[in-house]
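Comments concern the structure below.
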Amino acid sequence: MKIIDLSAWQTNVNWQSLADAGFGGVILKIGERSKLDDMFIEHVNNAVAHGLKYGVYYYGHANNIDVAKTEAAQVDAWIKTYLNGVNPELGVWYDAEDNSMLSGPQNVVYPITAFITSLNAARYGYVGLYSSYNWLTNEIDLTCLPDYVPIWSAQYNSKNDLLTEHPELKHKIWQYTDHYSDRLPYDASEYYE
């Protein structure tokens, strides 16, 4: 399935053209820190109105386990408030790519895991990790990531090298471009069902 991810950077989305172009779903930025994404409510309402599956992602900043748990609690509160507590069909994703995350006392995989397991404990059954190929191979100690965690890797390439190099991971999404449209900067991805 082709999907895109959207945030407040995309304000004038032609939803019908997305559906007509064969996109089956969208993953929407829910927020970062304690700020709900400015376009989240509009985007999720439009996704539902156009029959598109959706997931959400949170842009992380946690450099330790306690901050990661606070971030997870914020996402849980937003989902309960704006999505009636329903687990989004395309999952909840932790976007780990901010360099501030690397300043903690241990490898960034530990705050990432704390975020994911906190939301799993809150009964969200499909919580995964989004990151770049570079982070997934150089910054995040994947040997410490629980093997059930779905992975969404970003690598703008003709193939997904992470899939070949780490077949043991639970690959769910490969983001292969950040410029699907000439008019709007959609990040296009392929979702593996």
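Things worth noting here:
- Sum of -39500 (n - 2.57) over DSSP H runs of 4+, divided by residues of the chain (222 nm, nearest 500): -8500 deg cm²/dmol
- Non-local lysine pairs in the chain, meaning eight or more places apart or on different chains, with alpha-carbon distances under 29 Å, amount to 29.
- Gyration tensor (alpha-carbon) shape descriptor, the stretch 43-125, a/c threshold 1.5: prolate
- Antiparallel DSSP beta bridges within the chain, percent to nearest 5: 25 percent
- Shape category assigned to the stretch 90-162 from the gyration tensor of Cα positions, a/c cut at 1.5: oblate
- Listed values (1) 42; (2) 50; (3) 35, entry calculated as percent of Cα pairs over 24 Å apart: (3)
- Take every pair of alpha-carbon atoms less than 8 Å apart whose residues are at least six positions apart; their mean separation over the length of the chain yields a relative contact order of 19 percent.
- In a DSSP loop and with at most 12 other Cβ atoms within 10 Å, there are no chymotrypsin sites (Phe, Trp or Tyr not before Pro) in the stretch 37-116.
- The stretch 1-66 - share of DSSP beta bridges that are antiparallel (%, nearest 5): 15 percent
Rule-based calculations on the coordinates, nothing more; no lab input. Since this is a predicted model, take the numbers as computed values, not measurements. Glycine gets a Cβ as well: all are built from the backbone with ideal geometry, and neighbour counts include every protein chain shown.
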